[in-house]
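Okay, so here's the structure we're looking at.
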Amino acid sequence: MPDTPARSAATSRRRERSTGRQSAALDTDRAAARQERLAQASWVEGAAPALPMRTVRPTEVVFHLGPTNSGKTYESLQALAATGSGVYAAPLRQLAHEAYAKLSAQLPPGTVGLSTGEEEIDPYAPIVCCTVEKAPLRGELLVLDESHWIADPDRGHHWARLLLTGEYREMHLISAAEAYLLLKPLVSDAEHVTVVNHKRLSRLDVLRAPVRPADVRPQTLVVAFSRKTVYAAAAELDQHRPGKVGVLYGALPPATRREVIERFTSGEVEVLVTTDVIGHGINVPATTVLFAETTKFDGTKVRPLRSWETAQIAGRAGRYGLTGHGQVGVLTGVTGLRADQGVLTAGAAVARGDAMSDLPKRAPRLRPELADLGAFEAVDLPEALTRWMAWARAATRDHAMTPDDVTSLIVRVHALLPLLRGPLGAAGDLDTVWRLVNLAIDYNPPRRTRWLVLAQAALRHAAGLPVQPETVLPDVPRGGGVEEFEQAAAAARDAQTLLRQFPGVAGLTSDDAAWVEEECAEMISELLPDAISLGRSGKCVACGNAIAPWFTTCRPCSGGPAGRPGGSRDRRPAAGGRRTAGRAAGRALGGRQGGPRGRARRG
């Protein structure tokens, strides 16, 4: 149909109306965006939080800087003992325990307490040894050990908050020298600052030739970086020193770790195969540290050790007052594991204080408190956290810190909000939701579901709804291997974390959860010798040749149709996915049912 003047005019008017509607919608969107920016600016200018700061500045700050085994912690603890009142704070429970034991042996009963989140002993004593998260914000003297943890991306904000807001008359900050520039701005208000540079108190030599398992001597630490490789190395060594080899890694319950360290210290265990958990200030009488591998999985990729990581581990050799001089070298002869001599040589130079390390130059992180967010209801938290990050980026621009990434908190809030639309809504007040999303329970797969189950249990309890006890606290396994008991112990620790914040959920207390963890720890201690003996580097299921512990078949046997290698071979997973030899040990033990004390839960 040919266009007529009338039809053309109507088409033109329709186009003009459509264009007008689009323009109006665009103007509306722009106006809404301007209003949001104005609201953000209004919040930042009128109700935004101030940067955390103390109201009483410290009189004295003493930096103790230097390599491992240089007396930094010893001198600080002596100052704390002489003062008679204060706090020792460290990143690990084991370090808090060590300081507690040393000070308790030196001072009158009742003078020293312990607070780690997992246990409390006289927590209101004049001197308290604790993990950093449990450190009070005021006192007479603060000893902050391993202060370079302020650069840690996950927990560094606890160090930053304590140093920015802690009101102590005196502070002793123990650190690698490289962290001094990170720490100094956080205590710039101190009346007087003293820097004490420490030198290593014992020699540390590098072995030129690799050491084979048959030649490993007593008082040796062997280092690997996954549960699977720890067991593989331990099994090789156990053939030459039957029953004299122990293992130490992060998944073991704290009580088991302490027992293993005590057995190595007493000489009952002669060789200890460990992950880098040993490098965080734990003192043992080791004359030699041997690296079975010098790469680790850091949560993202497998990479070579950095020199500061190597130094922290290598520095465990030759502890002053415990042994003579130390030496560090390479362990060879474990199938699938190899170490780079150059990596450990560089680390040893840092451990001696002869070279600077490559400690990451991350700025201290600032994390919000609930009062900083300006939220009124739980549903406000995602927007409030996003708004806080925008404010903090601007507020810290000219300060020696950076805002923490609170995306994980936002994700947890979004996971909880659907639960609050039903009968649990009345229980999900702002404070409760904030405490739940900040619970120190792993939210990374595959344990993400565990946090959500515990959070839902706390909400149901608060709403007066029934909660089954096994939902919160699974019972001690009736059988299985080391891995099963490790998982049960981890679940019990998560339950302890919840029950300290929300006592009474499912009729349980944190003591009930502590008992389950203790029972699991006892069973692990019983199973470890068999798990070690069965954890040797694997054999090909087809031909029996030795292979790396993370494979089931060798390359020739796993070839494709034409005999080419690599066709169906089990690929090595990332380190976080390696499986433990404990499961095999459990099966070899015939599915043991319980332990000497029985498995019935305490009444």
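No value in this document is a laboratory result; all are computed from the given coordinates. Keep in mind it's a predicted model, so treat the numbers as computed, not measured. All Cβ positions, even for glycine, are placed from backbone atoms using ideal geometry, and neighbour counts span all protein chains on display.
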Two-decimal Rg/Rh across segment 431-483, once Rg and the Kirkwood Rh are taken from alpha-carbon atoms: 1.04
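Is segment 204-352 best put as rounded, prolate or oblate by its Cα gyration tensor, with a ≥ b ≥ c the root eigenvalues, rounded for a/c under 1.5, and otherwise prolate when a/b is larger than b/c, oblate when not?
Values: a/c = 1.22, a/b = 1.12, b/c = 1.09.
Because its axes are fairly even, with a/c under 1.5, segment 204-352 counts as rounded.
Between Asn444 and Ser12, take the C-beta separation as r, use R0 = 51 Å, and let me know the FRET efficiency to the nearest 0.05. Please list the in-between numbers first.
On the way: r = 60 Å, r/R0 = 1.17.
My answer for the efficiency is 0.30.
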Segment 60-197: antiparallel bridges as % of DSSP beta bridges, rounded to 5, reads 5
Flagged as over-length at 24 Å C-alpha distance, from Lys72/Lys102; Lys72/Lys301; Lys199/Lys244; Lys228/Lys301, the pairs are Lys72/Lys301; Lys199/Lys244
What is the magnitude of the charge dipole of segment 365-526 about its Cα centre, with +1 placed on the Cβ of each Lys and Arg, -1 on the Cβ of each Asp and Glu, and no other charges, expressed in debye to the nearest 20? 780
The answer for GluC sites (Glu not before Pro) in segment 126-193 that fall in a DSSP coil and have at most 12 neighbouring Cβ atoms within 10 Å is Glu191
Taking only the alpha-carbon atoms of segment 60-197, the convex hull volume per residue, in cubic angstrom, is 96
Provide the FRET efficiency to the nearest 0.05 for the Ala390-Ile121 pair, computing r from the beta carbons and using R0 = 51 Å. 0.70
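How much length is gained if the chain between Thr59 and Tyr320 is pulled fully straight, taking 0.36 nm per residue apart and subtracting their Cα-Cα distance, in nm to one decimal? Walk me through the numbers before you get to the answer.
Details: separation 261, 0.36 × 261 = 93.96 nm, distance 3.18 nm.
Between Thr59 and Tyr320, full extension yields an extra 90.8 nm.
How far, in nm, would the chain grow between Glu383 and Ala79 when pulled straight, counting 0.36 nm per residue and subtracting the alpha carbon separation? Kindly include the intermediate steps, with their values, before the conclusion.
Working: separation 304, 0.36 × 304 = 109.44 nm, distance 4.62 nm.
Here the segment from Glu383 to Ala79 would lengthen by 104.8 nm.
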What is the distance, in nm, between label points placed 7 Å from the Cα along the Cα-to-Cβ direction at Glu167 and at Ser188? 2.3
Sparse-neighbourhood loop hits (GluC sites (Glu not before Pro), segment 311-408; DSSP loop; Cβ within 10 Å at most 16 others) -> Glu369, Glu377
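If I stretch the segment between Ala355 and Thr471 completely, what's the gain in nm (0.36 nm per residue apart, minus their alpha carbon distance), one decimal? Before the final figure, lay out each step's value.
Values: separation 116, 0.36 × 116 = 41.76 nm, distance 5.19 nm.
Between Ala355 and Thr471, full extension yields an extra 36.6 nm.
Which of the chymotrypsin sites (Phe, Trp or Tyr not before Pro) across segment 76-176 are loop residues per DSSP, with 14 or fewer other Cβ within 10 Å? Provide the component values of the computation, followed by the final result.
Details: sites: Tyr88, Tyr100, Tyr124, Trp149, Trp159, Tyr168; in loops: Tyr124.
For chymotrypsin sites (Phe, Trp or Tyr not before Pro) across segment 76-176 that sit outside H, G, I, E and B with at most 14 neighbouring Cβ atoms in 10 Å, the list reads Tyr124.
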